[in-house]
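Undergrad: Take a look at this one; I'll ask things after.
The values are calculated or read from the model by the stated rules, or taken from the named source; none is laboratory data. The structure displayed is predicted, hence computed values, not measured ones. In this analysis, Cβ positions are derived from the backbone assuming ideal geometry, glycine residues included, and neighbour counts consider all displayed protein chains. Keep in mind that these areas ignore ligands, DNA and RNA; they rest on the heavy atoms of the full protein, side chains included. Shrake-Rupley method; radii C 1.70, N 1.55, O 1.52, S 1.80 Å.
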Amino acid sequence: MSALHLPAGTGAGHHFLGTTMTVKAGESETGGALTLIEQECPPHFATPWHVHQKDDEAFYVLSGTVQLYCGDRTWQAGTGDFVLLPRDLPHAFANRQDSPLRLLQLTWPAGFEHFAADIAGLTGRAPDPDLLTEVAARHGYRIIGPLEEKS
């Protein structure tokens with residue numbers, strides 16, 4: 001591992017389930033310790049309910065407001081807020097606003113960037129739910145179902 005400096009706007013970019021992700025550091029840059037991604041979510045974007053089986057996930061909100069769901073809890077986080085979502089807890093998040101949401105996503109240990117790249121490489125568009133579930137399982141993520149079914 002060596003020192004790293006990425007100027008603003010640089011890093012490997014992926015279109016991931018309707019969001020834009022820029023990988024700032026991943027497995028190769030951190031010796032497997034963590035992945036850091038800058039993410040922009042369009043208005044009214046929502047993830048499916050899912051479970052991280054191998055990594056913990058955290059968000060730092062750069063701008064906007066995110067609606068979070070974790071286990072039986074629901075809350076909002078705004079600019080400057082930090083959120084920790086431990087592995088093995090079902091969770092989802094949504095941008096319920098009319099403007100983009102910007103986040104720093106941190107997962108540890110590293111590896112989420114490989115899942116993002118695999119999904120982005122499928123055809124440049126969101127995969128069907130069965131394919132998403134299959135690819136997610138290969139990376140240690142379990143897709144439970146659409147957010148609307150459990151909110």
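Undergrad: For the stretch 34-43, which positions are touching a Lys or Arg at 6+ places or on another chain (Cβ under 9 Å) and open to solvent by 20 Å² or more (accessible area, probe 1.4 Å)?
TA: L36, E38, E40, P43
Undergrad: Step by step: first the residues of the stretch 44-64, then only those that are open to solvent by 30 Å² or more (accessible area, probe 1.4 Å) and in a strand (DSSP E or B), then the one that is nearest to H139 (Cα to Cα). Which residue is that?
TA: Here the residue is A46.
Undergrad: Moving on. Restricting the search to the stretch 1-24, which residues are in a strand (DSSP E or B), touching a helix residue (DSSP H, G or I) at 6+ places or on another chain (Cβ under 9 Å) and either without any contact (Cβ under 8 Å) to a residue 24 or more places away in the chain or within 16 Å of A110 (Cα to Cα) (or both)?
TA: A12, G13, M21, V23
Undergrad: Taking the criterion of being open to solvent by less than 40 Å² (accessible area, probe 1.4 Å) and part of a strand (DSSP E or B), would at least one residue in the stretch 26-33 satisfy it?
TA: Looking for residues that are open to solvent by less than 40 Å² (accessible area, probe 1.4 Å) and part of a strand (DSSP E or B), one finds none in the stretch 26-33, hence no.
For every residue, the table says whether it meets (1) of a type in the set (S, T, Y); (2) touching a strand residue (DSSP E or B) at 6+ places or on another chain (Cβ under 7 Å).
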site	(1), (2)
G71	no, no
T79	yes, yes
V83	no, yes
H91	no, yes
D98	no, no
L104	no, yes
H114	no, no
A117	no, yes
G121	no, no
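Undergrad: Pairs please, first residue from the stretch 36-65 and farther than 16 Å from F115 by Cβ and of a type outside the set (F, W, Y), second anywhere and open to solvent by less than 40 Å² (accessible area, probe 1.4 Å) and at pLDDT below 95, Cβ atoms under 6 Å, 6+ apart in sequence or on different chains.
TA: C41/T19; A46/L147
Undergrad: Go through (1) open to solvent by less than 70 Å² (accessible area, probe 1.4 Å); (2) modelled with pLDDT of 95 or more one by one and return the number of the condition F82 breaks.
TA: All conditions are met except number (1).
Undergrad: Of (1) over 16 Å from P48 (Cβ atoms); (2) over 15 Å from the mean Cα position of the chain (by Cα), Y60 satisfies all except one. Which?
TA: The one condition Y60 does not meet is (2).
Undergrad: In the set A120, A116, A137, which member is among the hydrophobic types (A, V, I, L, M, F, W, C) and either open to solvent by less than 10 Å² (accessible area, probe 1.4 Å) or touching a Leu at 6+ places or on another chain (Cβ under 6 Å) (or both)?
TA: Unique residue meeting the criteria: A116.
Undergrad: Sort out which residues of the stretch 65-79 are open to solvent by less than 50 Å² (accessible area, probe 1.4 Å) and either under 16 Å from the mean Cα position of the chain (by Cα) or farther than 11 Å from R102 by Cα (or both), and write them in order of number.
TA: The initial filter retains those residues of the stretch 65-79 that are open to solvent by less than 50 Å² (accessible area, probe 1.4 Å), namely 65-71, 77-78.
Hits for the stretch 65-79 are T65, V66, Q67, L68, Y69, C70, G71, A77.
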